[in-house]
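**Q** Below you will find the structure I want to go over with you.
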Amino acid sequence: MKVVLVNGSPHVKGNVAVALNEMVKEFEAEGIETQILNIGMKDIRGCIACGRCAELGRCTFDDIVNESVHLFEEADGVVFASPVYYASANATLIAFLDRLFYSSHFDWTMKVGASVVVARRGGLSATFDEINKYFTISGMPVASSYYWNSVHGGADGEARGDAEGLFDMRALARNMSFLMKSIALGKEKFGLPRKEQHAWTNFVREDLLS
C-alpha cells in the first residue's frame, strides 16, 4: 500500500515537515510505502475554468499537477498538509488541489484522505475544514485522530515541542493505515459501492433568463 503526503509549505524542513515525518514513521511501521511531495515553492497557477482538461485528459497547464497525477491514482491514501496563512491554507496548495481534482480523470472513491494543518497560534480549524472539502466531494473516507489534525509551531522545528500535536499525528497515521487496510479487504469481498447516473441540478430558474 502507498500514501502520498503533500507538503504545501515553502519551508521544506519546517513545522509541516515535522508533522508529516511523524506520520511517515508510523506508516512505515505499518508496512505502508510513503512519498512526500513538496510543492510549496513551486510556481503553480490557479484553475482558469477553461475546460480544456475534458478534451486533453489532463490540465492545460503542464506543470507539477500533471507530473504528479499518476502518484495519486496509484495511492491508497493521501495527506494534504498546509501552514495556516490568514486562517486558511497556503494559496499554492489550494491552486494545486483545485486543478488536481478538477482535471484528473481517475476515480478517487474510497482512497483515504487526511488533512494536516500547522500554525503558530490560530486559524487551524478553518484551514482543516477547507482542505477536507476536497475529500468529501470525491467519495473519499476522511481519516481522523483524537483531536483535529493540527500541530502548533512558529519558528522552523518548533513543532517538535507540541507533544499533543505529534501524538495526534501518530494516531492519525495508525487510524489511516487501519482504514486503508480495511477498505482493501472490503474491495476484495464486496467491491466498490455501486454508482448511479449523476443527477445535475442547479438553482437557476429558466423562466427568469428570458
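Residue by residue, here is whether (1) in a strand (DSSP E or B); (2) under 15 Å from the mean Cα position of the chain (by Cα) holds:
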residue: Ala114; (1), (2): yes, yes
residue: Gly122; (1), (2): no, no
residue: Glu130; (1), (2): no, yes
residue: Tyr134; (1), (2): no, yes
residue: Ser138; (1), (2): no, yes
residue: Ala155; (1), (2): no, no
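**Q** Name every residue in the stretch 116-134 that is open to solvent by 20 Å² or more (accessible area, probe 1.4 Å) and in contact with a helix residue (DSSP H, G or I) (Cβ under 9 Å, 6 or more places away or on another chain), in order of residue number.
**A** Arg120, Glu130, Tyr134, listed by residue number.
**Q** Restricting the first residue to the stretch 151-172 and requiring it to be farther than 21 Å from Gly113 by Cβ and without any contact (Cβ under 8 Å) to a residue 12 or more places away in the chain, which pairs with a second residue that is among the β-branched types (Val, Ile, Thr) and surrounded by 18 or more Cβ atoms within 10 Å (Cβ to Cβ) meet a Cβ separation below 7 Å and a spacing of at least six or different chains?
**A** Asp162/Val151
**Q** Can you say whether Gly113 is at pLDDT 95 or above and either open to solvent by 10 Å² or more (accessible area, probe 1.4 Å) or over 20 Å from Ser177 (Cα atoms) (or both), as far as the supplied structure shows?
**A** no
**Q** Same structure again: Assess whether His105 counts as being open to solvent by 20 Å² or more (accessible area, probe 1.4 Å) and without any contact (Cβ under 8 Å) to a residue 24 or more places away in the chain.
**A** no
**Q** Which condition breaks for Asp76 when tested against (1) free of Cβ contacts under 8 Å to residues at least 60 places away in the same chain; (2) surrounded by 19 or more Cβ atoms within 10 Å (Cβ to Cβ); (3) out of contact with any Phe, Trp or Tyr (no Cβ under 9 Å at 6 or more places or on another chain); (4) among the charged types (D, E, K, R)?
**A** With respect to (1) free of Cβ contacts under 8 Å to residues at least 60 places away in the same chain; (2) surrounded by 19 or more Cβ atoms within 10 Å (Cβ to Cβ); (3) out of contact with any Phe, Trp or Tyr (no Cβ under 9 Å at 6 or more places or on another chain); (4) among the charged types (D, E, K, R), Asp76 is out only on (1).
**Q** So for the stretch 187-209 (the condition being within 26 Å of Val12 (Cβ to Cβ) and of a type in the set (S, T, N, Q)), does at least one residue qualify?
**A** no
**Q** Please specify each residue of the stretch 9-56 satisfying the condition of being at positive phi and open to solvent by 70 Å² or more (accessible area, probe 1.4 Å).
**A** Within the stretch 9-56, Ala49 is the sole residue that qualifies.
**Q** Looking at the stretch 144-196, which of the residues that are buried (at least 20 other Cβ atoms within 10 Å of the Cβ) and of a type in the set (Ser, Thr, Tyr) is farthest from Asp76 (Cα to Cα)?
**A** Applying the filter and picking the extreme gives Ser150.
**Q** Restricting to the stretch 157-186, count the residues that are over 16 Å from Lys2 (Cα atoms) and more than 19 Å from the chain's Cα centre (by Cα).
**A** Selection size over the stretch 157-186: 10.
**Q** Go through (1) of a type outside the set (Val, Ile, Thr); (2) surrounded by fewer than 16 Cβ atoms within 10 Å (Cβ to Cβ); (3) touching a residue at least 40 places away in the same chain (Cβ under 8 Å) one by one and return the number of the condition Pro141 breaks.
**A** (2)
The values are calculated or read from the model by the stated rules, or taken from the named source; none is laboratory data. Predicted model only: the values in this text are computed from it and were never measured. Virtual Cβ from ideal backbone geometry, glycine too; neighbours counted across all protein chains shown. Calculation scope for accessible area: heavy atoms of the full protein, side chains included, ligands and nucleic acids excluded. Shrake-Rupley method; radii C 1.70, N 1.55, O 1.52, S 1.80 Å.
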